[in-house]
Amino acid sequence: MPAPAISVRDLRKSFDEVEAVRGVDFEVEVGEVFGFLGPNGAGKTTTINMLCTLAKPTAGSASVAGFDVVGERDEVRRHIGLVFQDPTLDGYLSAEQNLRLHAELYGVQSDLVAPRMRQVLEMVGLWERRNGQVMTFSGGMRRRLEIARGLMHSPRVLFLDEPTIGLDPQTRRSIWSYIGLLKESEDITIFMTTHYMDEAEICDRIAIMDQGAIVALDSPEALKAGIAADRVQITTEDDQAAIAALADRFGIDAQVAEGQVTFSVPGGEEFVPRLFGELGVPIRSVSVSRPTLDDVFMSYTGSTIRDAEESADRQRSRMMMQVMTRGRR
Amino acid sequence: MSTAVADVVRVRVPARSLRSELRAIRIVWKRELIRFANDRLRIVTALVQPLLFLFVLGSGLQRLSSGGTHGIDLKTFLYPGILCITVMFTAMFSAASIVWDREFGFLREMMVAPVRRSSIVIGKCFGGATVASFQGLIMLCLAWAVHVPYSLTLVLGIFGLQLLLAFSITAFGVMVAARIKTMQSFMGLMQMVVTPMFFISGALFPLVGLPTWLAVLNRLDPMTYAVDPMRKLVFNHLDISKPALHALDPGVTWFGWHVPALVEVAVVLLFGLVLLSIAIWEFSATE
């Protein structure tokens, strides 16, 4: 059993009185694509910053590629690649110049710079545009270039902080395909954060984070399987009568959502024939869907990811208000 | 694509060494040069101010000042000071790029690299110094227009002095940029400091018969020690009378002692090195 790529023990981070990360524990194995899923403000970026040596933990410990993030900061930095949420390219330089600069800063062996550069640029489909000034690149091209740059020095662990935020669906899909390609071709572990459910699906394992703590950690399939119920949506002649009948005959609590009567039931497909036989209200259509990560998130946190973000925003603005009023006194 | 999957180029990042630090310094320096070369507009705009001072002020005030210049063209007198301000303003802009880099996120790319922060800061200061000296070279080409004859010692001397001054000013700018987060406040602050430094340095007037307050400020201004040797260098190459030399190039005195040019150069160098150390310390302390 090789040593884990990332190992985290009771990691904590506080900013003034606010505890952003409240003691997280996990291990990421070599070669894994590991996702941190949670709403904005859940503490994902703070955790990633601690793992990348950009923030010092308040308590706890973490090691990346076998090196301690506090005691062996430089060692960690030499072995990781970083793609930040915000762009960090030099727009005045060409794509190639940006990569060359990175290679020099990381001390990449001179004779390997050119072949490696060609390889990473070809992977993200920017080899033809290598001489273009980055300023003229679209948002998606820049993100691809950042990923290529993060790979220039063959890192053991690649950190991607919200890799597809703000990108169009097509570019998002191509970035996911690079991640898949990387897994095959390079001996690399990928750690990413996201607040998109579909993005989390490409991970081998995901940790669901809410309010600074990990609330669930498993493969996407296992997490979804942990939710027994399927989601059933029906349209009927009389929705109110159908809801009443569902409560009456099956003991199911149904609601009208998106204009359809919606409820959760274990073994949804087997339930449909019974529904037709026993409901007593004419049914026009039925759809059964497997649980999604969205349902998983909801079952662990009691809110959808969107609601969680809104309440986090409210909390943040409340804290800001407190800080401001305190400052005035 | 499939071939790329088959044979991956494996790269190893070596442990930190003097060599890797030197590579980092060199690439940060080189980046300044690339950006300068790409930005032709900046090369032109940076020339506007010095040219105004030299040709508009120099020609416009010629008649007023003709009594005091012993027949020397005012432009010739102003020339050494103008060589200094060209470098000062360009160096200031170079340092400002740190603030841009922070705003556009690129600073982060440099800050997370496995090299010392000092290497980044030193590379930046060398880059600013080189770029500003190139800008100075353009001004050097105008020597003929202000009746200064060319010679190898003159060109080398001026270039060396410009390099030194540019280095010190860039170090100053980088030190300020460590704390200032927005471009507006950075430019505002730099204008507030650099413009008085330039005016007080004696770039536009000879250091004779100054009121006491101005004389004191002048001796405290580090730029004085760059402008004065520059003027000595230029005037040594002119064929002018002793009284004219005394009136226009009296030199800097400390309590009556004539400060030699080498000491003046040392003052500028020391100024730059102290600011560089502060800048390194500030950048190492962040994050």
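Among B:M230, B:M88, B:M111, the largest mean-square fluctuation in a Gaussian network model of chain B, built with springs joining Cα atoms closer than 10 Å, belongs to B:M111.
Eigenvalues of the alpha-carbon gyration tensor of the range A:1-67, scaled by 5 and square-rooted, set the equivalent ellipsoid semi-axes at 21, 13, 9 angstrom, largest first. For chain A, a Gaussian network of Cα nodes joined below 10 Å ranks A:G212, A:G35, A:G132 by mean-square fluctuation, and the top entry is A:G132.
Suppose a student asked you for the relative contact order of chain B, using Cα pairs under 8 Å spaced at least 6 residues apart; what percent would you report? Don't skip to the answer; put the middle values down first.
Working: 346 pairs, mean separation 68.5, N = 287.
It rounds to 24 percent for chain B.
Per-residue 3J(HN,Hα) values for the range B:33-46, derived from phi via the Karplus relation 6.51 cos²θ - 1.76 cosθ + 1.60 with θ = phi - 60°, read 5, 4, 5, 5, 5, 6, 9, 5, 4, 5, 4, 6, 5, 5 Hz in sequence order (x marks Gly and Pro).
Grab the beta carbon distance between A:A229 and A:D68, set R0 = 45 Å, and tell me the FRET efficiency rounded to 0.05. After rounding, the FRET efficiency stands at 0.55. Distance between the 7 Å Cα→Cβ label points at B:S241 and A:F276: 11.9 nm.
Summarising the label geometry, the points placed 7 Å from Cα in the beta-carbon direction at B:S66 and B:L18 lie 6.2 nm from one another.
Backbone phi angles across the range A:94-99, fed through the Karplus curve with coefficients 6.51, -1.76 and 1.60 (θ = phi - 60°), yield HN-Hα couplings of 7, 4, 5, 5, 4, 5 Hz in residue order; Gly and Pro are listed as x. A simple spin-label model places pseudo-atoms 7 Å from Cα toward Cβ; at A:Y196 and A:V215 they are separated by 2.2 nm. Under the combined filter of DSSP loop state and at most 15 neighbouring Cβ atoms within 10 Å, the range B:190-271 retains none of its trypsin sites (Lys or Arg not before Pro). Once C-alpha pairs closer than 8 Å and six or more residues apart are averaged by separation and normalised to the residue number of the range A:111-223, the relative contact order reads 19 percent.
Here the contact order of chain A, divided by its residue count and restricted to Cα pairs under 8 Å and six or more residues apart, works out to 19 percent.
Along its first, second and third principal axes, ordered by size, chain B spans 81, 38, 34 Å in Cα coordinates. Taking each residue as 0.36 nm, the span from A:T58 to A:R173 lengthens on full extension beyond its C-alpha to C-alpha distance by 37.7 nm.
Please find the FRET efficiency linking B:R10 to A:S287, where r is the Cβ-Cβ separation and R0 is fixed at 51 Å, and quote it to the nearest 0.05.
0.55
Here A:K44 is the anchor, and the lysines within straight C-alpha reach of less than 18 Å, apart from those fewer than 8 places off in the same chain, are A:K13, A:K56. Loop-located chymotrypsin sites (Phe, Trp or Tyr not before Pro) in the range B:99-207 (DSSP state other than H, G, I, E, B) with a sparse environment of at most 13 neighbouring Cβ atoms within 10 Å: B:Y150.
Given R₀ = 41 Å, FRET efficiency for A:E122-A:D10 by Cβ-Cβ distance, to 0.05?
Values: r = 42 Å, r/R0 = 1.03.
Efficiency, from the Cβ-Cβ distance: 0.45.
Once backbone amide H atoms are built at 1.01 Å from N, A:V256 has A:T262 as its partners under 5 Å, excluding neighbours fewer than 5 places away on the same chain.
Springs join every pair of Cα atoms under 10 Å in this Gaussian network model of chain B, and among B:T69, B:T86, B:T224 the largest mean-square fluctuation is at B:T69. For the range A:208-215, the Karplus equation 6.51 cos²θ - 1.76 cosθ + 1.60, evaluated at θ = phi - 60°, returns couplings of 8, 10, 8, 6, x, 9, 8, 9 Hz by residue, with Gly and Pro reported as x.
For the range A:222-309, applying the loop criterion from DSSP together with a ceiling of 15 other beta carbons within 10 Å to the GluC sites (Glu not before Pro) yields A:E237, A:E258.
The stretch between B:L33 and B:L214 holds 61.4 nm of extra length on full extension. This uses 0.36 nm per residue minus the Cα-Cα distance.
The numbers here are math on the coordinates, done by the rules we state, and not lab data. Just so we're clear, the structure is a prediction, and the values are computed from it rather than from any experiment. Cβ: placed from backbone, ideal geometry, glycine included. Neighbour counts: every protein chain shown.
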